[in-house]
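To keep things clear, I will list the structure first and then write my remarks on it.
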Amino acid sequence: MRIHLNRKRSRLCYTSFAAFLLAFMCIAACGAQIGQTVISEPDEYSNNYEAKEKFILRAVARVFKEKKMGSNVRIDEENRIVETDFLTQNDWRTKSLARIKPLNWKESEVTLSVITEKRTESGWEMRRLLEKEQYVKIFDTIELKIYEEMYKME
């Protein structure tokens, strides 16, 4: 009977190891694809906030500065745009753009685009570096900064 239990444990151990190895290989395969997808147009994602435009513009600008999502952050209040120049590091450069669109008296939509390019032999190639999950994190940070901006004004 004891031999029978050891065989079950061995099978369980091998099965667990195989599952772990498979999961590791999947993660490693996905990691190699980051920044490899060449795109012709930058990705855009949108999120809605209940705040005045001025707070949203300032909050987005702060996030761009703090997260180093570009250099020379500019706010264009008339056109409701926050944009940066390219920030170059090694063979990569990043530029960010946010457009604010009022939806009603208390809500605005923010459309965010982070443009990432890689230097190649033929010049700069636009690549997808951020996925939707990273944009969601940026939107969460913007929301926090909006509340901070609103608190400053009181």
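The values are calculated or read from the model by the stated rules, or taken from the named source; none is laboratory data. Because the structure is a prediction, the values reported are computed rather than measured. Virtual Cβ from ideal backbone geometry, glycine too; neighbours counted across all protein chains shown. Keep in mind that these areas ignore ligands, DNA and RNA; they rest on the heavy atoms of the full protein, side chains included. Shrake-Rupley method; radii C 1.70, N 1.55, O 1.52, S 1.80 Å.
Surface composition of region 59-154: carbon plus sulfur atoms hold 45% of the accessible area, using a 1.4 angstrom probe and ignoring ligands, DNA and RNA. Sequence neighbours fewer than 8 away in the same chain don't count; with that in mind, list the lysines whose C-alpha is under 30 Å from K52. The qualifying lysines are K65, K67, K68, K95, K101, K106, K132, K137, K145, K152.
Computed on region 44-152, with alpha-carbon pairs under 8 angstrom and 6+ residues apart, the relative contact order is 29 percent.
The modelled label-to-label distance for the pair E133/M150, using points 7 Å beyond Cα in the direction of Cβ, is 2.9 nm.
Report, to two decimal places, the Cα Rg of region 44-152 normalised by 2.2 N^0.38 Å (N = number of residues).
Here the Cα radius of gyration is 1.09 times the empirical estimate.
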